[in-house]
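Below you'll find the structure, written out as structure tokens, and then a few comments.
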Amino acid sequence: MWPEKNIERVRGRDGKDYLVQNDVMFTGVKHTRGEFSRFFIELCDNARILAHRCPRCRKIIVPPSEQRCPQCNFVEMVEEYVRDVGVMVATPVITAFPPSRFKEEIPFGSGYVFLETNGGGLTDQALAVRVKTTAGSIRPGIFTRGTPVKIVFCHERLGEILDVFAVPQSELTPEQIARSPLFEYSLVWTDAAKLAASDEPVFKETLERCVRLFCQLRDKISLSSRARENLKGWLRVVDIKTPGGSFQLRFYTESFVVTRNPENDVQLTFIINEPELLLNWLEDSMKGENEKLESPALTDLVLEGKIIMDKPELETINRLDRIPRSLRRDRVI
């Protein structure tokens, strides 16, 4: 966030020298929410969703971005509360590479929701809102166009749109759907996914090969300054579960250890029902610069729902993805 001002010389892959400069830029702005203040105060103080309705054409909008109806000779709109259930307008966008402000929240989903009115219809304007799932990290396939959702209110609210988020109604009980408002602490945050455990020898063999390759990858990191930098300062205990069994990666600054004896201080869990995908990535990580790579990045596998995480945290996956590139650049492989 605040790098020291510095200019350094680095050697490029083409053998030429290049200058890299650190710059610091900060802009502070204080501004009023103005006519939107009522909407956010209602979210914060009363856990209610405020809308504006035109008394003539009956158009209803949320958030209340207009105070006068442009279709009815600018007649003044009136306040009206809407329900906290609705449907997705379209499949929400999943963000994996955000600005630094949201780095700790990735991956996260953002979409638009048509909310129900007290008369049974839907609002004419959609509310922009974060979307979450109670079954691990957000991933494709959970939300689509028309998915029924419930607006959930965060326990601690500040007066911003992040005070609320939407979850699929299919993940809630009828009592939770009927409850209004529904608060975040009322949700049951379940396991990320069901693991298809199997006694098939192929799964156990794949697991053993993954463990061996992770050990080889760990040994090569010590030979690469770039790879060590990829893990510098990173402390995580990651549980990797597959149908053939599980193992842990215990990250400490500049390296990690692989253990088949899991402990209880797990901070992140990966569930992989197709362990050959992880094996393919590990085999690619051992290939040299001119060899053809077959596997997508681990980050892509997360976004495709092939690797399911129990919480929104992509930094460990991103760091792992960097290691093979660093090993090739330092000509370790």
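Read-outs: derived from the displayed coordinates by stated rules, not from any lab. None of these values were measured; they are calculated from a predicted model. Positions of Cβ are generated from backbone atoms using ideal geometry, with glycine treated the same way; all protein chains shown enter the neighbour counts.
Ordering LYS204, LYS16, LYS241, LYS150 by the number of other Cβ atoms within 10 Å of each residue's own Cβ, fewest first, gives LYS16, LYS204, LYS241, LYS150. From least to most packed, judged by other beta carbons within 10 angstrom and beginning with the fewest, CYS57, CYS69, CYS154 follow the order CYS57, CYS154, CYS69. Once the Cα-Cα distance is subtracted from the 0.36 nm per residue extended length, the ARG33 to ASP14 segment shows a gain of 1.7 nm.
About the centre of its Cα atoms, the range 119-247 shows a dipole size close to 560 debye [charges on the beta carbon of Lys, Arg (+1) and Asp, Glu (-1) only; nearest 20 debye]. For the range 82-120, backbone nitrogen atoms closer than 16 Å to the point 7 Å from SER65 Cα along Cα-to-C-beta are found at 89-90, 111-115.
Bridging of LYS30 to aspartates and glutamates at a Cα separation below 17 Å is possible for GLU160, once same-chain residues fewer than 8 apart are set aside. Which of the three applies to the range 201-329, rounded, prolate or oblate, going by the alpha-carbon gyration tensor with a ≥ b ≥ c and a/c under 1.5 meaning rounded? Taking the square roots of the gyration eigenvalues as a ≥ b ≥ c, the range 201-329 is rounded. Gaussian network model of the chain, Cα springs within a sub-10 Å range: biggest mean-square fluctuation belongs to which of VAL238, VAL87, VAL257? It is VAL257.
Mean 1/r over all different Cα pairs, inverted: what Kirkwood radius does the chain give, in Å?
23.2 Å
Once you have the Cα-Cα distance between ASP199 and CYS44, take 0.36 nm times their residue separation minus that, and quote the gain in nm to one decimal. Spell out each step's value before the answer.
Numbers: separation 155, 0.36 × 155 = 55.80 nm, distance 5.13 nm.
Contour length minus the Cα-Cα distance gives 50.7 nm.
Here the sum of -39500 (n - 2.57) over DSSP H runs of 4 or more residues, divided by the residues of the chain, equals -6000 deg cm²/dmol at 222 nm, to the nearest 500. In this simple spin-label model, placing a label point 7 Å from the Cα along the Cα-to-Cβ direction at both ILE7 and TRP234 gives a separation of 3.2 nm. With Cα atoms defining each centre, the range 185-255 and the range 27-81 are spaced 49 Å apart in the structure. You can think of it this way: the chain between TYR112 and GLU315 has 70.4 nm of extra reach, that is 0.36 nm per residue less the Cα-Cα gap. Cβ-to-Cβ counts within 10 Å put THR123, THR316, THR259 in ascending order as THR259, THR316, THR123, the fewest first.
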